[in-house]
Amino acid sequence: MTLLGAILDAITPSDDWFDLWLIVGFAGQTLFSARFIVQWVASERRRRSYIPVLFWYFSLGGGALLFVYAVKRGDPVFIAGQGMGLLVYLRNLVLIRKEAAASRQPADIAVSAG
């Protein structure tokens, strides 16, 4: 089946035309793709390559939905790819949060808390 055929099958009304899992998959893909637009706009505004925090939240949200969709489909390649990505997105958000917390503290406390 071609991609176009799969899309047409998914949106063609039938007795069981409402496929929640397909909606979850497309929602995840939309969020995941939107992260590139977020990064592009942020970079254009700064006139240099820049990855805003929102990029990581879109990555996490889209990746989580795609991971759930992959588990439902039972696709081990898709599960592994999205699962590893989720770890990276979470780790980046943890690092960003730690850096923000350290910058709000006086320097001597931030160093000693290290």
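The values are calculated or read from the model by the stated rules, or taken from the named source; none is laboratory data. Just so we're clear, the structure is a prediction, and the values are computed from it rather than from any experiment. For neighbour counting, all protein chains shown are included, and Cβ atoms are generated from backbone atoms with ideal geometry for every residue, glycine included. Side chains are part of the model used for accessible areas, which takes the heavy atoms of the whole protein and leaves out ligands, DNA and RNA. Shrake-Rupley method; radii C 1.70, N 1.55, O 1.52, S 1.80 Å.
Observations on the structure shown:
- The range 21-103, accessible surface, carbon-and-sulfur percent (1.4 angstrom probe): 68
- Cα-based Rg and Dmax for the range 21-103, where Dmax is the largest Cα-Cα distance (Å): 14.2, 43
- Net charge over other residues, Cβ less than 12 angstrom from the Cβ of LYS98 (K, R count +1; D, E count -1): +2
- Hypothetical label at ASP19: residues of the range 58-88 whose amide nitrogen lies under 18 Å (7 Å Cα-Cβ projection): 65-76, 78-79
- Spin-label pair ARG91/VAL68, simplified geometry with 7 Å Cα→Cβ offset, distance in nm: 2.5
- Cα→Cβ-extended label distance, 7 Å offset, between ALA27 and ALA100, nm: 2.4
- Cβ-defined net charge surrounding GLY25, 13 Å radius [Lys, Arg +1; Asp, Glu -1]: 0
- Extension gain, ALA34-ARG47: 0.36 nm per intervening residue step, less the Cα-Cα distance, totals 2.7 nm.
- Most to least packed among 82-92, 60-70 [average Cβ atoms within 10 Å]: 60-70, 82-92
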